[in-house]
Amino acid sequence: EQEGEGEGEKEGTKADASSLAKDLEETLVVSPESTAAKAPIEIEPSRQPTQSQSPTPLFVLYGSATGNAEHMAKDLAASYQTALQSSPTAYFPSVTCCPLNDYKKKCLDVWSAPPASPAAKHGVLFLCSTTGNADAPENADRFVRWLKRKSTEPTRPFRHCAYAVLGLGDSNYDVFCAVGKLIDRKVGELGGTRARSVACADEATGLEEVVEPWVTGVLDDLAR
């Protein structure tokens, strides 16, 4: 089986974001079950966003078969939530973490509604592995089918969202990080604003080479 896991206003927000980044640096670790580094991930202080605090949560969604993408997503979400205790006005005021297949129940209504500020976007992070013959994990398969459905395109469900994708894969297989790349492409086609290019972590060379810099900078990118 292929698995990437086996395969205040602006000034106040800037200070709080820097404090949040410091807290995350002390708490966030990569899955102990993966080959990625087990030391804390260093996170650069957040830059000042172009607008004040977002009115909606940071969404962290995962697709995982053996547990690594799930662990990374939950670890990131938990670390962010803990850090909010010392930085209550960080750009995203809370965090929602769930499997990709829970998108309709927990996320879609928020994503479809325009933020209060015309310049603002809902922040969404996708962490997903590839399994089998370039297939989505079971807890992400319905989400992927929905992305590919022709009836989804006219609704442009991500038109109010800024997003970033972390794909997990294994370059020893013929198809590398297929699902992560598909999610990145389809969310963009469905109206999403890409905050940074898709990152593909390779189990064959060490997941931490991609995971650490992605985690370190992705929140800054979403808050711009």
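The values are calculated or read from the model by the stated rules, or taken from the named source; none is laboratory data. Just so it is clear, the structure is predicted and the values come from calculations on it, not from any experiment. Cβ atoms come from the backbone with ideal geometry, glycine included; neighbour counts cover every protein chain shown. For the accessible areas, the whole protein counts, side chains as well, though only heavy atoms, and no ligand, DNA or RNA atoms are used. Shrake-Rupley method; radii C 1.70, N 1.55, O 1.52, S 1.80 Å.
The table below gives the values:
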{"read-out": "Filter result for Ser64 (open to solvent by less than 20 Å² (accessible area, probe 1.4 Å), out of contact with any Phe, Trp or Tyr (no Cβ under 9 Å at 6 or more places or on another chain) and at pLDDT 95 or above)", "value": "yes"}
{"read-out": "Selection within the stretch 88-117 - within 12 Å of the chain's Cα centre (by Cα) and of a type outside the set (Ser, Thr, Tyr)", "value": "Val95, Cys97, Cys98, Pro99, Leu100"}
{"read-out": "Exclusive hit being out of contact with any Leu (no Cβ under 7 Å at 6 or more places or on another chain) and over 20 Å from Leu222 (Cα atoms), set Asn172, Asn139", "value": "Asn172"}
{"read-out": "Given (1) more than 24 Å from Gly206 (Cα to Cα); (2) under 17 Å from the mean Cα position of the chain (by Cα); (3) open to solvent by less than 50 Å² (accessible area, probe 1.4 Å), index of the condition Ala120 fails", "value": "(2)"}
{"read-out": "Residue match in the stretch 133-155 (condition: modelled with pLDDT of 95 or more, open to solvent by 30 Å² or more (accessible area, probe 1.4 Å) and among the β-branched types (Val, Ile, Thr))", "value": "yes"}
{"read-out": "Within the stretch 171-194, tally of residues that are among the hydrophobic types (A, V, I, L, M, F, W, C) and in a loop (DSSP other than H, G, I, E, B)", "value": "4"}
{"read-out": "Near pairs, Cβ below 8 angstrom, 6+ apart or cross-chain, from the stretch 105-116 (hydroxyl-bearing (Ser, Thr, Tyr)) to any residue that is open to solvent by 30 Å² or more (accessible area, probe 1.4 Å) and part of a helix (DSSP H, G or I)", "value": "Ser112/Thr155"}
{"read-out": "Pairs with Cβ under 7 Å, 6+ apart, first in the stretch 159-172 and at negative phi and polar (S, T, N, Q), second assigned to a loop (DSSP other than H, G, I, E, B) and surrounded by fewer than 24 Cβ atoms within 10 Å (Cβ to Cβ)", "value": "Ser171/Ala204; Asn172/Ala204"}
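Every residue, every condition in (1) under 15 Å from Leu166 (Cβ atoms); (2) surrounded by fewer than 18 Cβ atoms within 10 Å (Cβ to Cβ); (3) over 13 Å from the mean Cα position of the chain (by Cα), yes or no:
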| position | (1), (2), (3) |
| --- | --- |
| Glu189 | no, yes, yes |
| Arg194 | yes, yes, no |
| Cys200 | yes, no, no |
| Gly206 | yes, yes, yes |
| Glu209 | yes, yes, yes |
| Trp214 | yes, no, no |
| Val218 | yes, no, no |
| Arg224 | no, yes, yes |
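One line per residue, one yes/no per condition, for (1) open to solvent by less than 10 Å² (accessible area, probe 1.4 Å); (2) under 15 Å from Ala164 (Cβ atoms); (3) not in a strand (DSSP E or B):
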site	(1), (2), (3)
Lys74	no, no, yes
Tyr91	no, yes, yes
Tyr103	no, no, yes
Leu127	yes, yes, no
